[in-house]
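Structure first, commentary second.
The values are calculated or read from the model by the stated rules, or taken from the named source; none is laboratory data. All figures in this text were calculated on a predicted structure; none of them were measured in a lab. Here Cβ is always computed from backbone atoms with ideal geometry, including for glycine, and neighbour counts include all displayed protein chains.
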Amino acid sequence: MLYSLLLRDSLVFRVDVPGSVRAGEPVHITVRLTNKTERVLQLATRVGERTFDVTVSHADGTIVWRRLHEGTVPDGQAERALEPAESLVFEASWDGRAAGRPAAPGHYLVTGALLIEGEEPLVTRPTPFELLPFPPGSS
């Protein structure tokens, strides 16, 4: 697994994605936020499906897929206590499609975001992965 880290106020925030996936197959993505302190941290996150977001993009920043679409309305907020060494884990799966068609083989970046109520989202560093060419006889 490839992963990227972002340290902010005693947190480690990363996105895990396989290093490569065959084009046309789903890409399984895990976003993980870990408390690296010895104290309980309080987080005011959005709740429901809008707690986190994932973006798949080309190296130039062009978005190919986003878990949450632009303009969604938050479901509300929740206070979460994150114990020392505890992790919040969120999972998503991209079906490997862009604009209704299978995405082209090539290099992509995945970014995870935790939606914090009243603040800018906490965002991971982009993590690279590759869509490998379609198997012969498919596409």
Exercise. Looking at residue 96, is it over 18 Å from residue 10 (Cα atoms) and modelled with pLDDT under 85?
Worked result: no
Exercise. Out of curiosity, is residue 125 at pLDDT 85 or above, assigned to a loop (DSSP other than H, G, I, E, B), surrounded by 12 or more Cβ atoms within 10 Å (Cβ to Cβ) and within 16 Å of the chain's Cα centre (by Cα)?
Worked result: yes
For this session: With respect to residue 61, determine if the residue is part of a loop (DSSP other than H, G, I, E, B) and either at pLDDT 90 or above or surrounded by 15 or more Cβ atoms within 10 Å (Cβ to Cβ) (or both).
Result: yes
Exercise. Looking only at residues in region 84-103 that are out of contact with any Asp or Glu (no Cβ under 7 Å at 6 or more places or on another chain) and crowded, with 17+ Cβ neighbours inside 10 Å, which one is nearest to residue 52 (Cα to Cα)?
Worked result: 90
For this session: Starting from residues that are of a type in the set (D, E, K, R) and within 18 Å of the chain's Cα centre (by Cα), keep the ones in region 15-29 and report whichever is surrounded by the fewest Cβ atoms within 10 Å (Cβ to Cβ).
Result: 25
Seminar exercise, completed: Conditions (1) of a type in the set (D, E, K, R); (2) more than 23 Å from residue 60 (Cβ to Cβ); (3) in a strand (DSSP E or B) -> residue 119 fails only (3)
For this session: May I ask you to list the residues in region 105-122 that are exposed (fewer than 14 other Cβ atoms within 10 Å of the Cβ) and more than 20 Å from residue 52 (Cα to Cα)?
Result: 106, 107
Exercise. Considering 34, 72, which residue is in contact with a helix residue (DSSP H, G or I) (Cβ under 7 Å, 6 or more places away or on another chain) and either more than 14 Å from residue 109 (Cα to Cα) or at pLDDT below 90 (or both)?
Worked result: 72
Exercise. Among the numbered criteria (1) at pLDDT 90 or above; (2) of a type outside the set (Ser, Thr, Tyr); (3) more than 30 Å from residue 24 (Cα to Cα), which single criterion is violated by residue 78?
Worked result: (1)
